[in-house]
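A.B. asks: Dumping the structure here so I can ask a few things about it.
The values are calculated or read from the model by the stated rules, or taken from the named source; none is laboratory data. Quick caveat, the model's predicted, so the values are computed rather than measured. Cβ placement follows ideal geometry from the backbone for every residue including glycine, while neighbour counts extend to all protein chains displayed.
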């Protein structure tokens with residue numbers, strides 16, 4: 001794979017989407033975080049330090065622009081790899097392979113949110129509210145700043161009650177982003193430099209295969225992971241699909 005074309009291909013895709021009338025993402029930082037989270041999960045499940053191909057990058061951007069929450073996307077990818085455990089030939093080799101399953105899952109989530117159908121009585125029960133409350137309790141036990149902990153706990157408990165904030169496609173990611181940002185603000189200059197150094201060391205084995213934009217995104221993602229570990233924040237990506 002010619003990884004140096006990755007960032008250029010993504011940029012060309014965004015420009016083409018704009019020309020075709022599609023709304024370009026209003027927040028490139030959010031887009032980069034979305035693509036990075038998908039890349040991290042896909043890389044982990046593939047078991048190799050890969051960088052997304054241009055076509056996979058375009059696929060992730062499409063999901064983001066279509067308003068599909070990142071936890072829906074990563075949840076479906078993880079489920080496809082679980083199903084392929086006993087049938088290796090079905091193991092996803094690209095994000096495009098996952099597209100139909102992602103869109104079907106998002107359709108079901110959207111229908112549930114809109115109240116257009118009820119969950120079938122025979123469907124396996126998933127204690128979403130319980131999992132969200134457990135995440136709220138874990139936030140309470142973390143070392144995040146008190147005010148940030150309280151805001152996150154209140155927001156999670158709202159989600160547990162089925163109340164979703166208006167205009168927020170992925171409330172879980174928004175809560176996590178706010179927590180990580182608040183924790184980052186607690187670090188002094190020396191601590192931030194240390195976190196940055198640790199993040200750069202983590203991506204060093206495959207940094208040479210990345211373009212500048214992809215490398216910067218990978219470092220930011222690794223920094224966020226280090227901050228989550230340092231402040232003992234829970235892994236929100238493991239929460240059930242809302």
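A.B. asks: Would you be able to say whether some residue in region 128-148 is in contact (Cβ under 8 Å) with a residue 24 or more places away in the chain, touching a helix residue (DSSP H, G or I) at 6+ places or on another chain (Cβ under 6 Å), part of a loop (DSSP other than H, G, I, E, B) and more than 18 Å from residue 35 (Cα to Cα)?
C.D. replies: The answer is yes, given that some residue of region 128-148 is in contact (Cβ under 8 Å) with a residue 24 or more places away in the chain, touching a helix residue (DSSP H, G or I) at 6+ places or on another chain (Cβ under 6 Å), part of a loop (DSSP other than H, G, I, E, B) and more than 18 Å from residue 35 (Cα to Cα).
A.B. asks: Collect the residues in region 38-50 that are in contact (Cβ under 8 Å) with a residue 24 or more places away in the chain, under 28 Å from residue 178 (Cβ atoms) and surrounded by fewer than 21 Cβ atoms within 10 Å (Cβ to Cβ), keeping them in residue-number order.
C.D. replies: Passing the criteria: 40, 41, 45.
A.B. asks: Okay, next question. Consider residue 190 carefully, then state whether it is buried (at least 17 other Cβ atoms within 10 Å of the Cβ) and more than 14 Å from residue 228 (Cβ to Cβ).
C.D. replies: It is false that residue 190 is buried (at least 17 other Cβ atoms within 10 Å of the Cβ) and more than 14 Å from residue 228 (Cβ to Cβ).
One line per residue, one yes/no per condition, for (1) over 17 Å from the mean Cα position of the chain (by Cα); (2) under 23 Å from residue 128 (Cα atoms); (3) modelled with pLDDT under 85:
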| site | (1), (2), (3) |
| --- | --- |
| 166 | yes, yes, yes |
| 174 | no, yes, no |
| 197 | yes, no, no |
| 207 | yes, no, yes |
| 220 | no, no, yes |
| 231 | yes, no, no |
| 234 | no, yes, no |
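A.B. asks: Related question: Could you please find all residues in region 67-91 being outside any helix (DSSP H, G or I), under 24 Å from residue 167 (Cβ atoms) and in contact with a helix residue (DSSP H, G or I) (Cβ under 8 Å, 6 or more places away or on another chain)?
C.D. replies: 68, 69
A.B. asks: Does region 51-63 hold any residues that are closer than 20 Å to residue 222 by Cβ and without any contact (Cβ under 8 Å) to a residue 40 or more places away in the chain, and which are they?
C.D. replies: 60
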